[in-house]
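Asks: I am attaching a structure below and will ask some questions about it afterwards.
The values are calculated or read from the model by the stated rules, or taken from the named source; none is laboratory data. Not measured: the values here are computed from a predicted model. Ideal geometry is used to build each Cβ from the backbone, glycine not excepted, and the neighbour counts take in all protein chains shown. Note: accessible area is taken over every heavy atom of the protein model, side chains too, but ligands, DNA and RNA are not part of it. Shrake-Rupley method; radii C 1.70, N 1.55, O 1.52, S 1.80 Å.
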Number of protein chains: 4
Amino acid sequence: MYSFRNDYSECAHPRILEAIAESSLRQTCGYGLDPVCQEAAALIRKLCNTPDADVHFLTGGTQTNLLAAEALLKPYEAVIAAGTGHVNVHETGAIEATGHKVCTVPSPDGRLTPALIEPLLAAHSTEHMVAPRLVYISDTTELGTVYSKADLEALSRFCRQKNLLLYLDGARLGSALEASDLTLPDLTRLTDAFSIGGTKNGALFGEALVFSQPRPDFRWLMKRRGAMLAKGRLLGLQFQVLLEDGLYGELARHANRQALRLRDGLKALGLPAAVDSPSNQQFFILPNPLMEGLAGQGWEFETDHPAGASHTCVRFVTSWATPPAAVDGLLQAVSALLQPS
Amino acid sequence: MYSFRNDYSECAHPRILEAIAESSLRQTCGYGLDPVCQEAAALIRKLCNTPDADVHFLTGGTQTNLLAAEALLKPYEAVIAAGTGHVNVHETGAIEATGHKVCTVPSPDGRLTPALIEPLLAAHSTEHMVAPRLVYISDTTELGTVYSKADLEALSRFCRQKNLLLYLDGARLGSALEASDLTLPDLTRLTDAFSIGGTKNGALFGEALVFSQPRPDFRWLMKRRGAMLAKGRLLGLQFQVLLEDGLYGELARHANRQALRLRDGLKALGLPAAVDSPSNQQFFILPNPLMEGLAGQGWEFETDHPAGASHTCVRFVTSWATPPAAVDGLLQAVSALLQPS
Amino acid sequence: MYSFRNDYSECAHPRILEAIAESSLRQTCGYGLDPVCQEAAALIRKLCNTPDADVHFLTGGTQTNLLAAEALLKPYEAVIAAGTGHVNVHETGAIEATGHKVCTVPSPDGRLTPALIEPLLAAHSTEHMVAPRLVYISDTTELGTVYSKADLEALSRFCRQKNLLLYLDGARLGSALEASDLTLPDLTRLTDAFSIGGTKNGALFGEALVFSQPRPDFRWLMKRRGAMLAKGRLLGLQFQVLLEDGLYGELARHANRQALRLRDGLKALGLPAAVDSPSNQQFFILPNPLMEGLAGQGWEFETDHPAGASHTCVRFVTSWATPPAAVDGLLQAVSALLQPS
Amino acid sequence: MYSFRNDYSECAHPRILEAIAESSLRQTCGYGLDPVCQEAAALIRKLCNTPDADVHFLTGGTQTNLLAAEALLKPYEAVIAAGTGHVNVHETGAIEATGHKVCTVPSPDGRLTPALIEPLLAAHSTEHMVAPRLVYISDTTELGTVYSKADLEALSRFCRQKNLLLYLDGARLGSALEASDLTLPDLTRLTDAFSIGGTKNGALFGEALVFSQPRPDFRWLMKRRGAMLAKGRLLGLQFQVLLEDGLYGELARHANRQALRLRDGLKALGLPAAVDSPSNQQFFILPNPLMEGLAGQGWEFETDHPAGASHTCVRFVTSWATPPAAVDGLLQAVSALLQPS
């Protein structure tokens, strides 16, 4: 049995653990000012083809999102997010805890478009309302969908026309880049800031927050929110291992591949996908007896929401660590449970 | 040459790295709800002899301090700290960022006493002033001094008489416990909350925040500030390794022993201590040419403040990882530099 | 011509101005601790038939709402409001500025019911989400609708079952009480806190915030947000004048009467109401040429939103000061503009 | 008997009440966008000789101070204030409630100078500390002292050299301007923002906040903190009455004159001033029996702090409304109580 509950059930890729062990007793200065972090940041700037990009390493996704909002917004300015957006639903009001409202837009598939945002802007006209300013998107989205280069170019153009800022939450960026035609240089070119998620793609923990322009005072904001790791080198080192020779993409490709095998297998068994996802999250509508049967056997996954009286929408997540045999096993279990007894 | 700049220059004790590597591919649920964290919390409750204590694992010290304040205070209530207190000086206003004032009390050696706090209480009488409520102390203090059991009992009694809460920042708790007669059960008995610092005593990172009473809603506060680690097991596991068979004390004893060797050696060479410290931070007044000579040779340490025109107060910190030979080497270098040429 | 734009276009009822002038040179202590405020608070407790109610006087509605939320909520708890709720739309994120999220519920007519709130509660289950806690309603609502005693009893019962708190924003409470069967004693009995709006019913400014239970530390919260008026007696005095012999109800009855005359007149002229409102705000769908004709003549009102391509939903507000002749004049102007030319 | 407790014991100057009554039924738009506020702002710009100054009207002093700090500072930047500063002591942590630390500097007489501030700047060097940015001064200070033009020029020059901003809390600006060589044009020239206090100089309430440069988004910040008065015209009107033909200065002169008569009279009776104050606050050291004798007769004043075992430092405040006979009466009472019985 295996848990498809999320992509952080295992700890870290062996190469990361080896690199930490190998360098553990070497002394460095603290708080991310060490040579390892500097090299990792330089590597990211190079991969983004943006010499002026400002790179900071943080421990988790919510921390990264709240600091990006705090850095980019004036007190009365608001975040614009899909109703399903992680900052709106699953961060216990972390953005609001920095004093900023999250304005929501209904989105059918978790993505935002200019057409979805425009009515919100039209409705916010005076100083009696917040000023919507920072468009928050996630890629992959909370529903597993992804942005194409054309999607992001259209959204970026709209934001610049409307004096909006654009932030991309890349907690699952590896999976997104592998499932679309977007590249890192596209991200610095088209957004004001984005994150490169390590936690969900093989690191112990860690997100790299990349601002397309220098933010010389960001370290003050980090420290003020308790987000500066004493042994910051741990973050730099992990991103170095992940990014210096393509491991990051390789791990994401593995996760996506297992997800698509799972998706195709479930479809072949006649089960409908709730969302059409090319990435490592797959949402399917299962008959409740099937869902309960799988759970009874010890398979783990998230139940997202009831889909009528007799079905449930469940989420399966694969990761860098998912053994292909686990996908096979799950598909066999589904098949067996679907047989007429 | 060696860096005595701080106690987080090296990464982690080998046993911690081994435990992480050994369990890395085992799947667990996330966010600190896994069995490893539960066992580590149970172990801490047992070591504290307090079955009701509420234990949470966090990644860093500033994060821990700000969340303790946020959990324990109403919006208009304030922290009481020594002027030298870490929350007052070195956390970029993290407490104020949660909306709470830090009221300061001058302290000659970094410790607080009832007599030092009493005038502050007398001066805060009406709703036009904040209500001082949470006494913040650190042990060891920022000057390396420690609280005895009698000290802490007196302060605790005073706090309860005055309806104050008491929080002990244990970023360097290992060093403090080894240098005093205090024990973990004293801490749950005498404080409302305290932390057990891992970062500065052999962990990759991690602080255990212990509330003497249950705080059923603390996890909401953690998540809201981006302080919930996805792979929370990493924190539980490290505290398990450190605490299950005495490694935590052993590492702190090593650090203290090296510090006292350094202290005694410097005194024997005729150099005066700025503070009388029994712990792993040692403050000495060095003639500027000596200080510059050491720095020129590559020895590292912090310069705390100028002590007159020709001397400087510097801080030497030892850790679980400090080789005894590094202390010997530093003392020899000092001795050589002090020789008349 | 007359402005029906809002109910604070005129300044204050003459009896209020006279009372201020008459007592102006009498010395009192400041910040609402004076005998006048104490008498006004006692009068409100008596009118509410709640000897333990805690009454505070504030200058404006947004200030009152944000302080009620701050007083009643823990940091991670959220407000529940209709999407049209004043705190959600028209207060520039004042609630979020205190760190609390506003969770919204779609409401067809501006009112909340248990059935509307229940799905929101069901969707908020873990510490990864805010904890919805304070139900915010306004009476009259932003659409002019009102709660009956049965409505409020059902909502109050639901809140107590679900461990929710209930706050009623009474910026237009006079109009609501006159248009429904609710009374002040119902409000202390059924809510945790509510406000009695003075600004929109004849005062220079001022809201009385009434907690059904004592809140001994509320004055600290007030002062901390800059909400304590130095010459607090001005607030007590105005509520005394309004409440001691029924002036408050009399002014609201006048406003409602003019609103209903306007409503009935517009309906008689064949114009459709957008919402069925019994209070001093009336929303009508006007053909754009009619709307523009009225505006061109100098009549003032708010345009709420476009209603298709050729019509607009506009809001007419009457007040304690609206001359009956102004209503007559507006109806005549509408009638004339509707005549075939 | 008379209360010298503060300068807001009486309500408002008759001319202000008359102007309100006269215009009460005239309709205007709300929230400070009306013609009256616009004229009052234009008048202030003219009196300051600064066509670009940005003028906003607020209801109280704490509100004004917290909004000035919020408008001028980034999240991690701090206020610099004298230990006795109003924002540090008497505003219940209102600045901290916006997330900003108040760094204090000891000041012998309530005033700040470059020499007092310099050590604080030297001590704040890294991102582990807040960035001190906004120098808060009050004029008159909390001890009744005032800044000369030379004082303010030196402080302003220092601030610009050090990239600091300068804010002057003018809650008692009338008294300060009458007691020094400073003028309104000096204030826009030398500070980044300052307030003109109405509450303590004859208004019902009201502070004008003047930014030396345009702040186009300040109204969003105001509304967000509940600081926008619905009938904003009330604020504009009061400042118009106070400033259009010199009433503001006249009232302040009266207050100062009575204070100096009181000061000189007390000195002539052999009583020592605690601070040498040229303004409407006078601090004297009274023998406790004298203090108690006065209080027993019904004279009111504030006891500031014990001055040894047998004396107390008390504060007498005069205002625009203090009758000269009240000063005479107090002096006679003191004289009589000092007679050997």
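Asks: Each residue of region A:142-158 in order: what ³J(HN,Hα) in whole Hz does its phi give by Karplus 6.51 cos²θ - 1.76 cosθ + 1.60, θ = phi - 60°, with x for Gly and Pro?
Replies: Once θ is set to phi - 60°, the couplings for region A:142-158 become 5, 9, x, 6, 9, 9, 7, 4, 5, 4, 6, 5, 5, 5, 5, 4, 4 Hz.
Asks: Same structure again: Given the options B:ALA179, B:ALA274, B:ALA41, which has the most mean-square fluctuation in a GNM of chain B, springs set between C-alpha atoms less than 10 angstrom apart?
Replies: It is B:ALA274.
Asks: A further question on this structure: What is the set of long-range amide H partners of C:LEU165 at a cut-off below 5 Å, with H atoms built 1.01 Å from backbone N?
Replies: C:LEU134, C:VAL135
Asks: Once you put a point 7 Å from the Cα of C:GLN161 and another 7 Å from the Cα of C:THR126, both along the Cβ direction, what distance in nm separates them?
Replies: Computed distance between label sites C:GLN161 and C:THR126 equals 2.7 nm.
Asks: Provide the per-residue ³J(HN,Hα) series for region C:57-67, in order, calculated from phi with Karplus coefficients 6.51, -1.76, 1.60 and θ = phi - 60°, each as a whole number of Hz, with x at glycine and proline positions.
Replies: Values, residue by residue: 10, 10, 8, x, x, 4, 4, 5, 5, 5, 6 Hz.
Asks: Helix-only mean residue ellipticity at 222 nm, chain A, DSSP H runs n ≥ 4 weighted -39,500 (n - 2.57), per residue, nearest 500. What is it?
Replies: Working: 13 runs with 141 residues, N = 341.
So the helix-based figure for chain A works out to -12500 deg cm²/dmol.
Asks: Mind giving me the nanometre distance, one decimal, between the label points for B:THR113 and A:GLU244, set 7 Å out from Cα along Cα→Cβ?
Replies: 5.5
Asks: For an R0 of 56 angstrom, estimate the FRET efficiency from the Cβ-Cβ distance between A:LEU33 and A:ASN288 and round to the nearest 0.05.
Replies: 0.55
Asks: Here is a further query. Looking down the axis that turns C into A, which residue of C has the closest beta carbon, and how many Å out?
Replies: C:GLU96, 2
Asks: Hey, another quick one. By the gyration tensor of its Cα atoms, with a ≥ b ≥ c the square roots of the eigenvalues, what is the shape of chain C: rounded for a/c under 1.5, prolate for a/b over b/c, or oblate? Display every interim value, and only then the final one.
Replies: Numbers: a/c = 2.00, a/b = 1.23, b/c = 1.62.
Verdict is oblate for chain C.
Asks: Per residue of region D:241-258, what does 6.51 cos²θ - 1.76 cosθ + 1.60 with θ = phi - 60° give for ³J(HN,Hα)? Whole Hz please, x for Gly and Pro, Karplus curve as stated.
Replies: Each residue's phi maps through the Karplus curve to give 4, 5, 9, 6, 9, x, 4, 4, x, 4, 5, 5, 4, 4, 4, 4, 4, 5 Hz.
Asks: Assign one of three labels to the protein assembly as shown, namely rounded, prolate or oblate, based on the Cα gyration tensor with a ≥ b ≥ c the square roots of its eigenvalues; rounded applies when a/c is under 1.5, prolate when it is not and a/b is larger than b/c, and oblate otherwise.
Replies: Numbers: a/c = 1.95, a/b = 1.16, b/c = 1.68.
Here the protein assembly as shown falls in the oblate category.
Asks: Between copies, how close do the C:GLY249 label points come, placed 7 Å along Cα→Cβ, listed in nm from shortest?
Replies: So the distances to the same position in the other copies read 5.4, 7.5, 7.8 nm.
Asks: Using every Cα-Cα pair within region D:126-216, state what percent have a distance larger than 23 Å.
Replies: Result for the distance tail: 24 percent.
Asks: If you count the DSSP beta bridges with both ends in the protein assembly as shown, what percent of them are antiparallel, to the nearest 5? Walk me through the numbers on the way to the answer.
Replies: On the way: 89 of 153 bridges.
Given both bridge residues lie in the protein assembly as shown, the antiparallel proportion sits at roughly 60 percent.
Asks: Between A:GLN339 and A:ALA295, what FRET efficiency follows from the Cβ-Cβ distance if R0 is 22 Å, with the result rounded to 0.05? Write down the numbers at each step before the final one.
Replies: Details: r = 18 Å, r/R0 = 0.82.
E between A:GLN339 and A:ALA295, to the nearest 0.05, is 0.75.
Asks: Just need the relative contact order of region D:45-198 here, percent rounded to a whole number, with Cα pairs under 8 Å and 6+ apart. Kindly include the intermediate steps, with their values, before the conclusion.
Replies: Working: 258 pairs, mean separation 36.4, N = 154.
24 percent.
Asks: Here's something else I'd like to know. Determine the residues within region B:102-134 where the difference in accessible area between the chain on its own and the full set of protein chains amounts to at least 50 Å²; count protein heavy atoms only and use a 1.4 Å probe.
Replies: Flagged in region B:102-134: B:GLU127, B:HIS128, B:MET129.
Asks: Another question, if that's okay. Kindly compute the accessible surface that chains B and A hide from a 1.4 Å probe when together, both sides summed, and give it to the nearest 100 Å². Walk me through the numbers on the way to the answer.
Replies: Working: alone 14760 and 14750 Å², together 25700 Å².
Roughly 3800 Å².
Asks: So what is the relative contact order for chain D, in percent, with contacts set as C-alpha pairs under 8 Å and at least six apart? Show your work: numbers first, answer last.
Replies: Working: 659 pairs, mean separation 81.9, N = 341.
Once divided by the residue count of chain D, the mean separation gives 24 percent.
Asks: Which FRET efficiency value, to the nearest 0.05, is calculated for B:ASP328 and B:THR303 with the Förster distance at 22 angstrom and r the Cβ-Cβ distance?
Replies: Details: r = 23 Å, r/R0 = 1.04.
My answer for the efficiency is 0.45.
Asks: Say we join alpha carbon atoms closer than 10 Å with springs in a Gaussian network model of chain C; which of C:GLN38, C:GLN297, C:GLN258 then has the biggest fluctuation?
Replies: Result: C:GLN297 has the largest fluctuation of those listed.
Asks: Moving to a separate point now. Given a 1.4 Å probe, how much area per residue of chain B is accessible, in Å²?
Replies: On the way: 11520 Å² over 341 residues.
Per-residue value: 34 Å².
Asks: Expressed as a rounded percentage, what relative contact order does region A:10-131 have, with Cα pairs under 8 Å and six or more residues apart? Display every interim value, and only then the final one.
Replies: Numbers: 93 pairs, mean separation 20.9, N = 122.
Once normalised by length, the contact order is 17 percent.
Asks: Here is a further query. Distance in nm between label sites at C:ARG26 and A:SER310, each 7 Å beyond Cα in the beta-carbon direction?
Replies: 7.7
Asks: Shifting gears a bit: Could you please state, rounded to a whole Å, how far the C-alpha centre of region C:142-181 is from the C-alpha centre of region C:3-65?
Replies: So the two Cα centres are separated by 22 Å.
Asks: Which of rounded, prolate, oblate describes region D:49-184, given a ≥ b ≥ c as roots of the alpha-carbon gyration tensor eigenvalues and a/c under 1.5 marking rounded, otherwise prolate only if a/b is larger than b/c? All intermediate terms of the calculation are to be shown ahead of the outcome.
Replies: Values: a/c = 1.43, a/b = 1.22, b/c = 1.17.
Rounded, since a/c falls under 1.5.
Asks: Around A:THR92, which amide H atoms from residues at least 5 apart in sequence, or from another chain, sit under 5 Å from its own amide H, with H modelled in the peptide plane?
Replies: Long-range HN contacts for A:THR92: C:MET129, C:VAL130.
Asks: Express the carbon and sulfur contribution to the solvent-accessible surface of region A:1-153 as a percent, rounded to the nearest whole number, probe 1.4 angstrom. Before the final figure, lay out the partial values.
Replies: Numbers: 2870 of 5060 Å².
After summing per-atom areas, the C and S share lands at 57 percent.
Asks: Taking chain A as a Gaussian network, Cα atoms linked when under 10 Å apart, which of A:THR141, A:THR199, A:THR303 shows the biggest mean-square fluctuation?
Replies: Of the options given, A:THR303 has the highest mean-square fluctuation.
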